[in-house]
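Inspection log for the structure reproduced underneath, given as structure tokens.
The values are calculated or read from the model by the stated rules, or taken from the named source; none is laboratory data. Source: prediction; values computed, not measured. Note: ideal-geometry Cβ built from the backbone for every residue, glycine included; neighbour counts use all protein chains shown.
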Amino acid sequence: MEQISVGEMLQVLPSERYNAHLVPEDNCLTCPEPGVYVLCFDNSYSFIQSKKVSYKVEVLPPDEQMPSPHSRGERRLQ
């Protein structure tokens, strides 16, 4: 598999700051194209305070009969 530098990657969602200490964050993304997707967690805003991140990734096969209400990067909660 060919390696790609970070500068060559296409950003699907913009980086955002979340106040997840107040309310847990729950997002859903339907990937528009097949490929390799990279999750990036950034703590540079508060690098002195460490964080504990829990996440779950589900990769589901495309289902043409049931379109997702959360497609193309729309989020459930913001």
Out of region 16-35, which residues are surrounded by fewer than 10 Cβ atoms within 10 Å (Cβ to Cβ) and of a type in the set (Gly, Ala, Ser)?
GLY35
Touching a Gly at 6+ places or on another chain (Cβ under 9 Å), at pLDDT 85 or above, in a loop (DSSP other than H, G, I, E, B) and more than 16 Å from VAL53 (Cα to Cα), is that true of VAL12?
yes
Filter region 36-56 for residues that are within 13 Å of the chain's Cα centre (by Cα) and among the charged types (D, E, K, R); the one that is surrounded by the most Cβ atoms within 10 Å (Cβ to Cβ) is ASP42
Single unsatisfied condition, PRO61 versus (1) within 17 Å of the chain's Cα centre (by Cα); (2) modelled with pLDDT of 80 or more; (3) not aliphatic (A, V, I, L, M):
(1)
When restricted to GLY35, GLY7, the only residue among the small types (Gly, Ala, Ser), at pLDDT 80 or above and part of a loop (DSSP other than H, G, I, E, B) is GLY35
Out of (1) within 24 Å of GLN3 (Cα to Cα); (2) of a type outside the set (Phe, Trp, Tyr); (3) free of Cβ contacts under 8 Å to residues at least 40 places away in the same chain, the odd one out for LEU60 is which?
(1)
